[in-house]
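Here is the structure we will look at, set down as structure tokens.
The values are calculated or read from the model by the stated rules, or taken from the named source; none is laboratory data. Bear in mind that the values here come from a model prediction, so they are computed numbers and not experimental data. FYI the Cβ positions are ideal-geometry reconstructions off the backbone, even for glycines, and counts take in every protein chain you see.
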Ligand SMILES: *Cc1c(COP(=O)(O)O)cnc(C)c1O
């Protein structure tokens, strides 16, 4: 008899986006004349940069003739892209990352979800609350938790991000082995300083823990005092893996290209206490289970590092940041407390009421869709997330409607 992985039964059904869709559909039926403006989902809306499109086309043409055709590429990604990434995203900013420490993939969702696989099933995991749900659910599937009680799994250490700590979790008081951090944060939009991040790096070093650092939104950091990479912090190469993606930065959410940096100094330990290279473990896992990203997509991603590509990406990022600043200004003027929106595309708003109640209020009174914070964890209750991923015209219209109706 074929038996299931019982851990899947522990997963809490995620009704968040289907609940949102249901409420939006009901509203549209009741008010067919009103255009609903969606500032809920974390997907970009603007076209790929022209430099990427040109490289994409040219690479497709290469595949059209036998002489320049390419089949399987290296599982870790082509050298041209790994080198462009190491140079463009790290070495140029003073971070010591080599091309062979970059693993190209089809998404930071997969990478942040898969990375836990190379570690023992009895390690202790520390996960932020509120959180990007992938980190939690993949550890539940792997059997590292008990049942969920009242929205929280036994066996996980929750790193609470609240108004009291300015949405930067404190170092846990109990020992943990694997720590997930995400800055600029989804959903809160909070950023971390180098000094604050250094405390996490030091903690991981002292306790032989490992940090999984999700920097999917690093391109939105404009303030020179805020680190874009954990490797800007001294000692991080020994204790941190970093995830990056072209999804939110270069509009690759549908095109798919991301990468993970695994420094050769990172170690994990056997039962007997012997150090094993995390780089070699991940390389083994990646080459066994993955065949990398298509050649045209890797060429399109490489073009994001050309001078034209960089300028076009900065233009995209600035466009969304301008939306974010506009949202933040208007929401603050209405008397709400919020964070994010200055080095991040998300604004996290204290609704001063139940998050679904606030969601319904914005939908019914203004025809604007946001995301209720409770969907991201217990600490998200009372908050909503507004995303800057839309046209400026829509953002302006949404803020006008909210100002006129609340
Ligand atoms: C969008 C997002 C990602 C990136 O996902 P891709 O799979 O690369 O599209 C990773 N982490 C967070 C927190 C995100 O919001």
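Does residue 117 fit the bill of being out of contact with any strand residue (DSSP E or B) (no Cβ under 9 Å at 6 or more places or on another chain), within 28 Å of residue 193 (Cα to Cα), part of a helix (DSSP H, G or I) and away from the ligand (no atom under 16 Å from the Cβ)? Against the criterion (out of contact with any strand residue (DSSP E or B) (no Cβ under 9 Å at 6 or more places or on another chain), within 28 Å of residue 193 (Cα to Cα), part of a helix (DSSP H, G or I) and away from the ligand (no atom under 16 Å from the Cβ)), residue 117 does not qualify. Using the structure shown, decide if residue 151 is at pLDDT 95 or above, loosely packed, with under 15 Cβ neighbours inside 10 Å, away from the ligand (no atom under 16 Å from the Cβ) and not assigned by TED's automatic domain parsing to the domain that holds residue 379. Considered against the rule, which asks whether it is at pLDDT 95 or above, loosely packed, with under 15 Cβ neighbours inside 10 Å, away from the ligand (no atom under 16 Å from the Cβ) and not assigned by TED's automatic domain parsing to the domain that holds residue 379, residue 151 comes out as no.
Going through (1) away from the ligand (no atom under 16 Å from the Cβ); (2) in contact with a strand residue (DSSP E or B) (Cβ under 8 Å, 6 or more places away or on another chain); (3) touching a residue at least 12 places away in the same chain (Cβ under 8 Å) one by one, residue 285 falls short only on (2).
Take residue 398 and decide whether it is within 14 Å of residue 35 (Cα to Cα) and crowded, with 24+ Cβ neighbours inside 10 Å.
Taking the combined requirement at face value, the residue satisfies it.
Exactly one residue among 324, 374 is part of a helix (DSSP H, G or I) and either modelled with pLDDT under 95 or closer than 20 Å to residue 129 by Cα (or both), and that residue is 374.
Taking the criterion of being away from the ligand (no atom under 13 Å from the Cβ), modelled with pLDDT of 95 or more and in a strand (DSSP E or B), the residues of the range 120-148 that qualify are 125, 126, 129.
Only one residue in 194, 199, 208 is farther than 19 Å from residue 113 by Cβ, more than 16 Å from the ligand (Cβ to nearest atom), surrounded by fewer than 16 Cβ atoms within 10 Å (Cβ to Cβ) and touching a residue at least 60 places away in the same chain (Cβ under 8 Å), so which one is that?
None of the others qualify; the one that does is 208.
Go through the range 80-110 residue by residue and tally those that are farther than 24 Å from residue 43 by Cβ, within 16 Å of the ligand (Cβ to nearest atom) and assigned to a helix (DSSP H, G or I). So the answer is 0.
Of the candidates 343, 323, 364, the single residue that is buried (at least 24 other Cβ atoms within 10 Å of the Cβ), in contact (Cβ under 8 Å) with a residue 12 or more places away in the chain and in contact with a helix residue (DSSP H, G or I) (Cβ under 8 Å, 6 or more places away or on another chain) is 323. When residue 41 is tested against (1) in the same structural domain as residue 185 (by TED's automatic domain parsing); (2) within 15 Å of the ligand (Cβ to nearest atom), only condition (1) is not met. Going through (1) more than 18 Å from residue 16 (Cβ to Cβ); (2) not in a loop (DSSP other than H, G, I, E, B) one by one, residue 390 falls short only on (2).
When 73, 77 are screened for being on the phi > 0 side of the Ramachandran plot, part of a loop (DSSP other than H, G, I, E, B) and in contact with a helix residue (DSSP H, G or I) (Cβ under 9 Å, 6 or more places away or on another chain), only 77 passes. Please specify each residue of the range 216-265 satisfying the condition of being out of contact with any helix residue (DSSP H, G or I) (no Cβ under 9 Å at 6 or more places or on another chain) and touching a residue at least 60 places away in the same chain (Cβ under 8 Å). Across the range 216-265, the qualifying residues are 221, 223.
Of 336, 392, 358, all but one fail to be over 27 Å from residue 150 (Cβ atoms) and free of Cβ contacts under 8 Å to residues at least 60 places away in the same chain; the exception is 336.
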